[in-house]
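Take a look at the structure set out below.
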Amino acid sequence: MRLSTIILLFCLRVAAAEPRGVGIKIGVPVTENLQAGTGGATHEFLSSATKTRRYTLGLTSAIRLPARLGVEIDGLYRRVNYDSSRVIYVSANDAGTISSWSSAAGNRLDFPVLLRWSPGRRLYLTGGPAFAVYYGFDQRTHTIQNLRIAGYSEGFTTTSEPFEHPVSKGATFGLGFDAPVGRVHVKPELRYSHWISAAFLGVISPQPTTNEVEFLLGVEFGGRR
């Protein structure tokens, strides 16, 4: 029998024997999901602003290990959106401006894989890699063209904005408190995430915030810390 198969069977047996817990997490971001900015090039100006959706909702699963350790895997959902504007100053073959205002909204899923350690009876620390996946963005744009030769025109368009790099990669750390009520564990937690490789690279839009802080309230059923 291969060594990898033996290790897999051993891990499955340990997992089956150890107390496990599943539950839900809700929370609010303390910092913005996206960071606004301005920029531009020759004959062009760009600006963006974010509108944070103040909630986080998801599922959590944990397994208890020896030496006050544990492993936690979460799947957390956020709704994110932003506004942006763009002005192009036309100078070749015509004169005037083309202005546009866009409003975009989409979804984000966070998948932190955390090692949990309890230095005391109730207090615990978490840390590990995290991944944020952005998807389902729709953008509505209002465009006004005011040119000397081509004339004036106005219109609205709705598009789905594809991102070349929809995944952020980073690390998440947390400080929490375990308040058990029978087999139910209520766990308020403060988390910090640092995104090392951010999504949207090469895309003109608000960029994901490099450093994020959020407050979470978890409710786990079954198992122990």
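Give the residues of region 73-87 that are surrounded by 16 or more Cβ atoms within 10 Å (Cβ to Cβ) and aromatic (Phe, Trp, Tyr), sorted by residue number.
The answer is Tyr82, and nothing else.
On the basis of being over 19 Å from Val213 (Cα atoms), at pLDDT 85 or above, among the aromatic types (Phe, Trp, Tyr) and open to solvent by 40 Å² or more (accessible area, probe 1.4 Å), does Phe111 make the cut? Write out each step before concluding.
Working: over 19 Å from Val213 (Cα atoms): no; at pLDDT 85 or above: yes; among the aromatic types (Phe, Trp, Tyr): yes; open to solvent by 40 Å² or more (accessible area, probe 1.4 Å): yes.
Spelling it out, it is not the case that Phe111 is over 19 Å from Val213 (Cα atoms), at pLDDT 85 or above, among the aromatic types (Phe, Trp, Tyr) and open to solvent by 40 Å² or more (accessible area, probe 1.4 Å).
Could you list all residues from region 124-150 that are at pLDDT below 95, open to solvent by 30 Å² or more (accessible area, probe 1.4 Å) and under 29 Å from the mean Cα position of the chain (by Cα)?
Correct list: Val133, Tyr135, Gly136, Asp138, Gln139, Arg140, His142.
Every residue, every condition in (1) within 28 Å of Asn33 (Cβ to Cβ); (2) aromatic (Phe, Trp, Tyr), yes or no:
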| position | (1), (2) |
| --- | --- |
| Asp94 | no, no |
| Ile98 | no, no |
| Trp101 | yes, yes |
| Ala105 | yes, no |
| Phe111 | yes, yes |
| Leu114 | yes, no |
| Arg121 | no, no |
| Leu125 | yes, no |
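Looking at Tyr82 and the list (1) assigned to a strand (DSSP E or B); (2) at pLDDT 85 or above; (3) more than 24 Å from Glu220 (Cβ to Cβ); (4) of a type in the set (Ser, Thr, Tyr), which single condition is not satisfied?
(2)
Answer yes or no: is there a residue in region 93-104 that is acidic (Asp, Glu) and either modelled with pLDDT of 85 or more or out of contact with any strand residue (DSSP E or B) (no Cβ under 8 Å at 6 or more places or on another chain) (or both).
First pass over region 93-104, keeping only residues acidic (Asp, Glu): 94.
Next cut, either modelled with pLDDT of 85 or more or out of contact with any strand residue (DSSP E or B) (no Cβ under 8 Å at 6 or more places or on another chain) (or both) only: none.
Checking region 93-104: not a single residue is acidic (Asp, Glu) and either modelled with pLDDT of 85 or more or out of contact with any strand residue (DSSP E or B) (no Cβ under 8 Å at 6 or more places or on another chain) (or both).
Tally time: how many residues in region 46-71 are in a strand (DSSP E or B) and surrounded by fewer than 21 Cβ atoms within 10 Å (Cβ to Cβ)?
So the answer is 13.
Take the residues of region 88-108 that are in a loop (DSSP other than H, G, I, E, B) and touching a residue at least 40 places away in the same chain (Cβ under 8 Å): which is least open to solvent (accessible area, probe 1.4 Å)?
Filtering first and then ranking leaves Asp94.
Return the pair list, or none, for Cβ contacts closer than 9 Å from residues in region 65-87 that are on the phi > 0 side of the Ramachandran plot to residues that are open to solvent by 30 Å² or more (accessible area, probe 1.4 Å) and outside any strand (DSSP E or B), at least 6 apart or on different chains.
Arg68/Pro119; Arg68/Arg225
Checking Ser153 against (1) surrounded by 11 or more Cβ atoms within 10 Å (Cβ to Cβ); (2) touching a Leu at 6+ places or on another chain (Cβ under 8 Å), which test does it fail?
Status for Ser153: all satisfied but (2).
Which one is modelled with the highest pLDDT among residues in region 158-194 that are hydroxyl-bearing (Ser, Thr, Tyr) and open to solvent by 50 Å² or more (accessible area, probe 1.4 Å)?
Among them, the one singled out is Tyr192.
Evaluate region 5-12: report whether one residue or more is β-branched (Val, Ile, Thr), farther than 28 Å from Gly174 by Cα, outside any helix (DSSP H, G or I) and at pLDDT below 70.
No, region 5-12 contains no residue that is β-branched (Val, Ile, Thr), farther than 28 Å from Gly174 by Cα, outside any helix (DSSP H, G or I) and at pLDDT below 70.
The values are calculated or read from the model by the stated rules, or taken from the named source; none is laboratory data. Please read all numbers here as calculations on a predicted model, not as lab measurements. For neighbour counting, all protein chains shown are included, and Cβ atoms are generated from backbone atoms with ideal geometry for every residue, glycine included. We work out accessible area using only protein heavy atoms, side chains counted, and drop any ligands, DNA or RNA first. Shrake-Rupley method; radii C 1.70, N 1.55, O 1.52, S 1.80 Å.
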